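K.L.:
Below is a structure I'd like to ask you about.
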Amino acid sequence: MMERILALVCSWLSAPAPDRDVVISGRVRLARNLLEYPFPHRASEADLHAVAQTLREALTPYGLGEGGALEIDRLSMDERALLVGARVLSPVLLNELPHRWALLNADGSAVAILNEEDHLRLQMTCAGWQPDTLIQQMHHWESVLQRLPLRWGYTPHLGFLTASPINLGSGIRLGLLVHLMGLQRARQITRWLEALQALGCHTRGLYGEGSLAFEGYVQISLLGRRDPLDELLARLRGTLRTLIDAERTAREQIDRTALEEEWGELQATLRHAESLSLGTTLRALAVYRMRGMLDENAALRDAADQMLFEAAVYLPPEPEHAAAERASWLRHRLWGG
């Protein structure tokens with residue numbers, strides 16, 4: 001089952017999209033909470049069960065669950081780690097917590113997470129930089145949530161109520177996953193991240209708060225507060241376009257011979273290592289992807305991104321078997337057998 005779910009949640013990655021060389025994916029997240037129940041961190045098991053049942057019944061007619069309805073605490077730790085790597089779950093759900101669910105639509109582009117930090121986090125994802133697609137998807141699901149016969153926590157002064165005060169207001173969070181390996185290797189990435197932060201963006205590593213921007217993989221997010229999504233996108237458009245251009249310029253300075261030598265050294269490690277850390281895996285995928293970008297090889301790029309989303313991610317310290325399984329998995333994905 002998990003193999004099918006991973007294939008589904010990654011299927012949109014290979015779709016043709018603008019600026020895919022730099023922007024791997026874009027995502028909009030809506031956060032909502034039912035008025036009559038406490039936030040998940042204060043709720044009883046009975047409350048959480050009632051919230052999950054209510055939301056599943058309300059969302060199922062709109063196709064959420066059609067691609068899969070996963071009760072998180074019934075999954076193994078390894079299965080949960082795969083969903084974290086695929087950016088379906090946040091690392092907080094690696095712990096075995098009751099009455100948490102992930103509901104996927106038919107093509108994996110929309111996922112409802114129940115009883116994470118909020119009662120409902122509905123995330124919509126697309127490949128590349130497609131602001132109009134994100135707006136269209138967000139408006140569709142906002143309309144769905146407004147039509148449901150549910151009372152959401154909301155006040156005119158604060159907007160939609162959320163477990164974390166930082167998400168109060170529209171409940172919208174815009175996120176982009178970008179690959180800035182050229183800027184990182186040119187030692188220019190810090191000033192660009194600072195420029196984004198000055199714009200009001202949050203910048204993080206691949207796996208959320210506290211993770212590092214390793215090998216140029218960076219998440220950029222912008223909170224809605226009281227602003228609609230189209231205003232958030234307007235704030236970001238110009239700076240992001242400049243950032244994309246700067247990354248492409250920086251890539252022109254990458255020494256291709258040195259990159260191939262680096263890949264050769266990594267191959268020697270990958271072919272024979274009995275275990276692999278997540279850091280070594282990300283470095284290998286970043287170099288593999290950059291080789292594809294410099295050759296204008298979209299198939300190589302897409303393969304690297306698929307593997308990025310397939311890599312299992314655990315909270316430290318990892319289980320003893322994780323590094324060995326990661327080494328075996330990556331060898332199989334790169335060379336078969």
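K.L.:
For segment 97-246, what does the convex hull of the Cα positions come to per residue, in cubic angstrom?
P.N.:
Hull volume over Cα atoms, normalised by residue count, gives 136 Å³.
K.L.:
With runs of 4+ DSSP H residues as the only contributors, calculate the mean residue ellipticity of the chain at 222 nm using -39,500 (n - 2.57) per run, divided by the residue total and rounded to the nearest 500.
P.N.:
Value at 222 nm, helices only, nearest 500: -14000 deg cm²/dmol.
K.L.:
Quick one: dipole size for segment 152-234, taken about the Cα centre, charges +1 on Lys/Arg Cβ and -1 on Asp/Glu Cβ, in debye to the nearest 20.
P.N.:
Result for segment 152-234 is approximately 180 debye, rounded to the nearest 20.
K.L.:
For segment 95-181, what does the alpha-carbon gyration tensor say about shape, rounded, prolate or oblate, given a ≥ b ≥ c as the root eigenvalues, a/c under 1.5 as rounded, and a/b over b/c as prolate?
P.N.:
rounded
K.L.:
In sequence order, what are the phi-derived ³J(HN,Hα) couplings for segment 119-129 according to the Karplus relation 6.51 cos²θ - 1.76 cosθ + 1.60 with θ = phi - 60°, rounded to whole Hz, with x for glycine and proline?
P.N.:
Calculated HN-Hα couplings, in order: 4, 9, 10, 10, 10, 10, 10, 9, 7, x, 9 Hz.
K.L.:
Name the most mobile residue of Ile166, Ile135, Ile24, meaning the one with the largest mean-square fluctuation, in a Gaussian network model of the chain with Cα contacts below 10 Å.
P.N.:
Largest GNM mean-square fluctuation: Ile166.
K.L.:
Once Lys and Arg get +1 and Asp and Glu get -1 on their Cβ, which of Ala7, Thr54, Ile172 lies farthest toward the positive end of the dipole of the chain?
P.N.:
Going by the charge dipole, the pick is Ile172.
K.L.:
Give me the Kirkwood hydrodynamic radius of the chain in Å, from all C-alpha pairs, to one decimal place?
P.N.:
20.7 Å
K.L.:
Here's something else I'd like to know. How much of His321 can a 1.4 Å solvent probe reach, expressed as accessible area in Å² and rounded to 10?
P.N.:
70 Å²
K.L.:
How large is the dipole of the chain about the Cα centre if only Lys and Arg carry +1 and Asp and Glu carry -1, each at its Cβ, rounded to the nearest 20 debye?
P.N.:
Approximately 680 debye in magnitude.
K.L.:
Also, I was wondering about something else. Please state the charge dipole magnitude for segment 1-98, taken about the Cα centre, from unit charges on C-beta atoms (+1 on K and R, -1 on D and E), reported in debye and rounded to the nearest 20.
P.N.:
In total the dipole reaches around 300 debye.
K.L.:
Could you compute the FRET efficiency for Glu79 and Ala50, with r as their C-beta to C-beta distance and R0 at 25 Å, rounded to 0.05?
P.N.:
For R0 = 25 Å, the calculated efficiency reads 0.45.
K.L.:
I need the shape label for segment 41-108. Rule: rounded when a/c is under 1.5, else prolate if a/b > b/c, else oblate, with a, b, c from the alpha carbon gyration tensor.
P.N.:
Since a/c reaches 1.5 but b/c is at least a/b, the shape of segment 41-108 is classed as oblate.
K.L.:
Let a ≥ b ≥ c be the square roots of the eigenvalues of the Cα gyration tensor of segment 227-305; is it rounded (a/c under 1.5), or, if not, prolate (a/b larger than b/c) or oblate?
P.N.:
Note, shape of segment 227-305 comes out prolate.
K.L.:
Choose one answer from Pro149, Pro98, Pro319: the residue with the largest mean-square fluctuation in a GNM of the chain with alpha-carbon springs under 10 Å.
P.N.:
Sorting by GNM fluctuation, first place goes to Pro149.
K.L.:
I've got another one for you. Roughly how large, in nm² to one decimal, is the mean projection of the convex hull of the alpha-carbon atoms in segment 280-333?
P.N.:
Projected area, direction-averaged: 3.7 nm².
K.L.:
What are the principal axis extents of the Cα atoms in segment 1-70, in Å, biggest first?
P.N.:
Cα spread of segment 1-70 along its principal axes, largest to smallest: 45, 26, 21 Å.
K.L.:
Compute the acute angle (0 to 90°) between the alpha-carbon long axis of helix 189-198 and the principal axis of greatest extent of the alpha-carbon atoms of the chain; round to the nearest 10°.
P.N.:
Approximately 20 degrees, to the nearest ten.
K.L.:
Calculate the radius of gyration of the Cα atoms of segment 1-148 to one decimal place, then report Dmax, the largest Cα-Cα distance, as a whole number, both in Å.
P.N.:
15.1, 47
K.L.:
Can you work out ³J(HN,Hα) from phi for every residue in segment 27-37, in order, using Karplus 6.51 cos²θ - 1.76 cosθ + 1.60 and θ = phi - 60°, giving whole Hz and x for Gly and Pro?
P.N.:
Running phi through 6.51 cos²θ - 1.76 cosθ + 1.60 with θ = phi - 60° gives 8, 10, 10, 10, 10, 9, 9, 6, 4, 8, 10 Hz.
The values are calculated or read from the model by the stated rules, or taken from the named source; none is laboratory data. Since we're looking at a predicted model, the values are computed, not measured. Every residue, glycine among them, receives a Cβ derived from its backbone with ideal geometry; neighbour counts consider all protein chains shown. The protein model used for the area step is the full one, side chains on, heavy atoms only, and it has no ligands, DNA or RNA in it. Shrake-Rupley method; radii C 1.70, N 1.55, O 1.52, S 1.80 Å.
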